[in-house]
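Written out below as structure tokens is the structure these notes cover.
The values are calculated or read from the model by the stated rules, or taken from the named source; none is laboratory data. Computed from a prediction, not measured in an experiment: that's the story for all the values here. Cβ atoms come from the backbone with ideal geometry, glycine included; neighbour counts cover every protein chain shown.
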Amino acid sequence: MEAALAAVANREMNGEQAAEKFRIPPSTLRDRLNGHHTKKIGRPTSFTEEEELEFCDILLSCMKVGAPLNKRKLTGIVRAIGLAKGIDEAKFGNRWHRGLLRRHSDISVRVISATSFKKAREWTKNRCEGWIAKLHSLGDRRFLDDPNGIWNLDESGFQLAQIYDKVYAQKGAQEVPAYAKGSETDRENMTLLALGNAAGKMLRALILYKGKMHIESHFADTNDEFFLSTNSSGVMDPFGCMII
């Protein structure tokens, strides 16, 4: 904060530039420049303003790399720092979290949008360029001229129950991606295999459950509009494809 104030006072940059460079909420810097609330109002906080700004910087940095922190993880961090400073860890409860969000308007709580880290890591630039090159090759050989011959096979996983974690993120963020460990259990509840072509024709879809037997309620009232099956993983494998 002091460095930002000095930069503006020395006319090295304006308020917006200083706020962006030193990662300070513009409204906070503007209030300090205008002399508003130069002294704290109400009970003192457990950490200094500069320390809280560092916490906010950590929260936003973690969000940007796909590893946002939730309340439990942030509490662990601030309690460890507070313990080193001789502050009672009981201070860092719900009231402290609400105060942090109130004092720093650029931080808010959002529901994460989980992304498989395994899949994100596998989809590399080389693979993307290779896929585009294959499409160009098929087009050059006129394989894509007839929509009846263009088919797409898509596998989508659905979880019948999901725990949505709330994490700290930049205020106004519409989506907060978070990488999850990829494994067969990512889609252990149900997998839908759909097949259709560019002309609009759809074949009967396959619904695959994890387990050894069907549950009657799973296929009640489907009127044989789907293929239904089970396997040990709940995701497609050579055995699952043979069922079709």
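Tabulated data for the structure shown
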{"read-out": "Subset of the range 59-114 [at pLDDT 85 or above and of a type in the set (Val, Ile, Thr)]", "value": "75, 77, 78, 81, 87, 107, 109"}
{"read-out": "Some residue of the range 77-90 being touching a residue at least 40 places away in the same chain (Cβ under 8 Å) and within 23 Å of the chain's Cα centre (by Cα)", "value": "no"}
{"read-out": "Residue satisfying all of: in the range 167-217; modelled with pLDDT under 75 and among the basic types (Lys, Arg); nearest to residue 63 (Cα to Cα) among these", "value": "181"}
{"read-out": "Members of the range 56-107 found to be part of a loop (DSSP other than H, G, I, E, B) and surrounded by 13 or more Cβ atoms within 10 Å (Cβ to Cβ), listed by number", "value": "66, 67, 68, 69, 87, 92, 104, 106"}
{"read-out": "First in the range 2-19 and in the same structural domain as residue 33 (by TED's automatic domain parsing), second anywhere and of a type in the set (S, T, N, Q) and assigned to a helix (DSSP H, G or I), Cβ under 9 Å, 6 or more apart", "value": "7/17; 8/17; 19/27; 19/28"}
{"read-out": "Where a residue in the range 115-143 is at pLDDT 90 or above and its partner, wherever it lies, is surrounded by 12 or more Cβ atoms within 10 Å (Cβ to Cβ) and not in a helix (DSSP H, G or I), with Cβ under 7 Å and at least six apart", "value": "138/144"}
{"read-out": "Any chance residue 146 is surrounded by 10 or more Cβ atoms within 10 Å (Cβ to Cβ) and at pLDDT 90 or above", "value": "yes"}
{"read-out": "Residue under evaluation residue 153, criteria (1) in contact (Cβ under 8 Å) with a residue 60 or more places away in the chain; (2) in a strand (DSSP E or B), criterion not met", "value": "(1)"}
